[in-house]
Ligand SMILES: Nc1ncnc2c1ncn2[C@@H]1O[C@H](COP(=O)(O)OP(=O)(O)OP(=O)(O)O)[C@@H](O)[C@H]1O
Ligand SMILES: [Mg+2]
């Protein structure tokens, strides 16, 4: 096995380097204007990258595959649906009166309850095959999006506009009002993930062996799904859905670490995600001046990778 | 003591374990025999709470396995499953270390390291310690999982076909080891065997299953006779006495 500390150290340095570059590139003296804005952006990218990486690695361990991610299984589509439903059922006037922070907490809480109930049922006793899960994920995702767009159609255009700008944050329009609370929730989620690390390690052996070693499977699954839903809420609230980032960084992390230990894999995947986001955004925003393409590029690369993985899996 | 009462499992209206009530002792070697599909693995899986029962209950030292804290059960009872397939990239030593999880929750103590070393030595795995579990032969992998169960160091050790894939020296080695664990460490070993002669030579008691029920239960001398075996397996046997052991022949 390679020395994980060396790998983690190297990735941390690279991430810090990328952040420094992002903060300072082409500022041209407008420091007091540029720096705080850019610092907020960097903070948001760190939060988003970490949330996506950690939630993906956990999800892949409980489903025991390296192809599915919370996003592919429809977690973030469910977040968008729930957020839309709140406005739909409360009416825009009532919804607008709720402060953004409270609104975010309501959405996160709803997702944690709904996703945990739903996916506990979908995952069952941890023995469903990969293709069943892929199918369920595709159907769930499509169903959630259709319901969302149905609600959009029925809403009056003003409600719709307000909701849309609120819901579809992106890398270029990061919702920084929520940055503080998102950071707090991220800290809670990560703390829980590392605390559950040894149980995640045991789950690598499969449900039956984990039970034999004293894991309460249903209870552990519930805790882990709650953590995933919390982290998906954080990343989706800040930058909207990004489908394939988690897939890329989780798989790259497994390749680099070659261990089952979650303390290592969670850390390396998170660092890779942060590095990819900051370096990618620095390059696109400051060097190439292409705005609004980061998630498109991630989805293109990740989408191709997803298909390659599926093809490789089907040849087994 | 392990006690099952009216334990039942049904798949699509087929009853595969049918109202089984049996007590397994505090110490000694108990072999479970029976044809393919008789319900042996299903019974062991329910006793070890890996599989939910449709009816009935199991108590290990008075603890209800389906409701007691899973970790408490894991400190008392371990199980080797029939299935040894594993996709995760894990070395042999790491697999064995997982056996310590109920005691250490991932933080190995000195005692853990000692038990792991011991289990690796018992199963003759020294030279494979650092190899990936997926890089082993079937028999070597089987031994790695036996070592994991041994490292768990529980009073009750359930093994579903532990001799699968093992060559004769290692099969006999494992049986001797299990006998020693029962005699010297006072453990209760319950194992599923297809080789009835190993069952005859090494166990204190043989439990035979057929179509989900226990059809014979007793000391090897009482089960190892042509009549009883023919009823269990629906085929012809001749049983001979070999240096005091009952040996069954069934090749013709
Ligand atoms: N998941 C399942 N779904 C449906 N039927 C099952 C399932 N698992 C086992 N069975 C059936 O239950 C019966 C008992 O199976 P079990 O695995 O307990 O047999 P066994 O005695 O261990 O056999 P073997 O010697 O082949 O290991 C078999 O007829 C089997 O087909
Ligand atoms: Mg079996």
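Here are a few things to note about the model shown:
- Anisotropy class of chain B from Cα gyration tensor, a/c 1.5 cut: oblate
- Mean per-residue shielding of peptide B:85-91 is 5, counting Cβ atoms of other chains within 10 Å of each Cβ.
- Whole-Å distance, taken between Cα centres, linking the stretch A:1-69 and the stretch B:133-189: 46 Å
- Taking B:193, A:186 and counting other C-beta atoms within 10 Å, the order from fewest to most: A:186, B:193
- Each residue of the protein assembly as shown gets 172 Å³ once the volume of the Cα convex hull is shared out per residue.
- Residue A:297/residue A:127 FRET efficiency (R0 35 Å; Cβ-Cβ; nearest 0.05): 0.45
- Estimated 222 nm signal from helices in chain A, with DSSP H stretches of n ≥ 4 weighted -39500 (n - 2.57), rounded to 500: -26000 deg cm²/dmol
- The simple Förster model, with R0 at 30 Å and r as the Cβ-Cβ distance, assigns residue B:105 and residue B:135 a FRET efficiency of 0.60.
- Considering only A:64, A:38, A:107, the Gaussian network model of chain A with Cα springs below 10 Å gives its largest mean-square fluctuation to A:38.
- Distance from the stretch B:43-76 to the stretch A:238-316 (C-alpha centre basis), Å: 42 Å
- Annotation: the residues A:58, A:297, sorted from fewest to most other C-beta atoms within 10 Å of their own C-beta, follow the order A:297, A:58.
- Calculated SAXS-style log₁₀ I(q)/I(0) at q = 0.11, 0.16, 0.28 Å⁻¹ - the stretch B:86-152, Debye, Cα scatterers: -0.21, -0.44, -1.23
- If the convex hull is drawn through the Cα atoms of the stretch A:2-314, its volume per residue in Å³: 136 Å³
- Rel. contact order, % - alpha carbon contacts under 8 angstrom, at least six apart, the stretch A:76-158: 58 percent
- Angle in degrees between helix B:168-185 and the longest Cα principal axis of chain B, rounded to the nearest 10: 80 degrees
- Cα gyration tensor shape for the stretch B:192-250, rounded if a/c is under 1.5, else prolate or oblate: oblate
- Cβ-Cβ distance of residue A:158 and residue A:289, R₀ of 45 Å, FRET efficiency by 1/(1 + (r/R0)^6): the value works out to about 0.85.
- Cβ crowding within 10 Å, taken as a proxy for footprinting-reagent exposure, orders A:90, A:226, A:45 from fewest neighbours to most as A:90, A:226, A:45.
- Contact order, relative form, for chain B: 24 percent (alpha carbon pairs under 8 Å, 6 or more residues apart, mean separation divided by residue count).
- GNM remark for chain A: springs join alpha carbons under 10 Å apart, and the peak mean-square fluctuation among A:108, A:270, A:34 falls on A:34.
- Average other protein chain Cβ within 10 Å of Cβ, residues A:198-211: 5
- The mean sequence separation of alpha-carbon pairs under 8 Å and at least six residues apart, normalised by the residue count of the stretch B:86-152, gives a relative contact order of 51 percent.
- DSSP bridge orientation in the protein assembly as shown - percent antiparallel, rounded to nearest 5: 60 percent
- GNM remark for chain A: springs join alpha carbons under 10 Å apart, and the peak mean-square fluctuation among A:135, A:294, A:203 falls on A:135.
Readers should treat all values here as calculations from the given coordinates under stated rules, not as data from a laboratory. Predicted model, so just to flag it, every value in this text is computed and none were measured. Note that we place each Cβ from the backbone using ideal geometry, even for glycine, and neighbour counts take in every protein chain shown.
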